[in-house]
Amino acid sequence: MSNQFLALSEVLYAYILNNSLREPEVLRRLREETEATNPHAIMSISPVQGQFMMLLLKLISAVKTLEVGVFTGYSSLCTALTLPDHGRIYACDVSEEWTSVARRYWAEAGVADKVTLKLAPAVETLDALLAEGHAGTFDFAFIDADKSNYDAYYERALKLVRKGGLLVFDNMLWYGKVADESVTDADTVALRALNAKLHQDERVFASLIGVGDGMNLAIKLGD
Ligand code: CA
């Protein structure tokens, strides 16, 4: 049996889309608008990742979630569409411009009341949530923002999620650069260090998988 991931050709990726994707129309329009108008559209998660996240949210019956890195809102809209009516997302970003697109789509999809947008450096927002007594109350956290701060987000998100809660980190294979020791820029070094930390961290059970640009999933084990 091969121990390698299947290289995903265009044909095979199209097969996945055609045989698995159930992308609601509002998500499709958000994705297409972002691809057509935003030069940083690659920062958005893929629809396959979005659907996988929706499955994970259903699996753990998530109600209260955290998102670090909103961009134009694809992942938060996936989340909002999946959470129950009383669900709540605390969404962190620093860009008024990009999150204005997200807010427009949350409103259009009728889920805006589920999202609390915090426009500030996320470390400040997470520290404030901890100070306000939110520790141990989140079911899920999605981290997809500036890579050099991932560990700072991890430590805070780990306190904010409940036992059995799930942390998901995006871009953890970083276009393959984490495996190339000759690449030593700050972002790559930070992601490489966090993968190594999660591998050994007894506070979580983690799984690094080759979906999209790599996702590292970690379940919080203790209180
Ligand atoms: Ca990403």
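The residues in the stretch 64-89 that are acidic (Asp, Glu) and either within 14 Å of Arg29 (Cα to Cα) or buried (at least 19 other Cβ atoms within 10 Å of the Cβ) (or both) can be counted, and the count is 1.
Scan the stretch 90-120 residue by residue and report those that are surrounded by 16 or more Cβ atoms within 10 Å (Cβ to Cβ) and closer than 30 Å to Gly222 by Cβ. Hits for the stretch 90-120 are Tyr90, Ala91, Cys92, Asp93, Lys114, Val115, Lys118. Taken as a whole, the stretch 31-45 holds at least one residue that is over 20 Å from Phe169 (Cα atoms), touching a residue at least 24 places away in the same chain (Cβ under 8 Å) and among the hydroxyl-bearing types (Ser, Thr, Tyr). Just give me the residues in the stretch 137-177 being part of a helix (DSSP H, G or I), crowded, with 19+ Cβ neighbours inside 10 Å and within 16 Å of the ligand (Cβ to nearest atom), in sequence order. Answer for the stretch 137-177, where residues must be part of a helix (DSSP H, G or I), crowded, with 19+ Cβ neighbours inside 10 Å and within 16 Å of the ligand (Cβ to nearest atom): Lys147, Tyr150, Tyr153, Tyr154, Ala157, Trp174.
Candidates Glu35, Glu23: the one that is in contact with a helix residue (DSSP H, G or I) (Cβ under 6 Å, 6 or more places away or on another chain) and either within 15 Å of the ligand (Cβ to nearest atom) or of a type in the set (A, V, I, L, M, F, W, C) (or both) is Glu35. Scanning the stretch 78-106 for residues that are in a helix (DSSP H, G or I) and in contact with a Ser or Thr (Cβ under 6 Å, 6 or more places away or on another chain) yields Thr79, Trp98, Val101, Ala102. Among residues of the stretch 161-176 that are within 15 Å of Tyr90 (Cβ to Cβ), none has a Cβ under 7 angstrom from a residue that is at pLDDT below 95 and within 15 Å of the ligand (Cβ to nearest atom) at a sequence gap of 6+ or on a separate chain.
When Ser75, Ser95 are checked against the criterion of being in contact with a Gly (Cβ under 7 Å, 6 or more places away or on another chain) and closer than 16 Å to Met43 by Cβ, Ser75 stands alone in meeting it.
The values are calculated or read from the model by the stated rules, or taken from the named source; none is laboratory data. Please read all numbers here as calculations on a predicted model, not as lab measurements. Glycine gets a Cβ as well: all are built from the backbone with ideal geometry, and neighbour counts include every protein chain shown.
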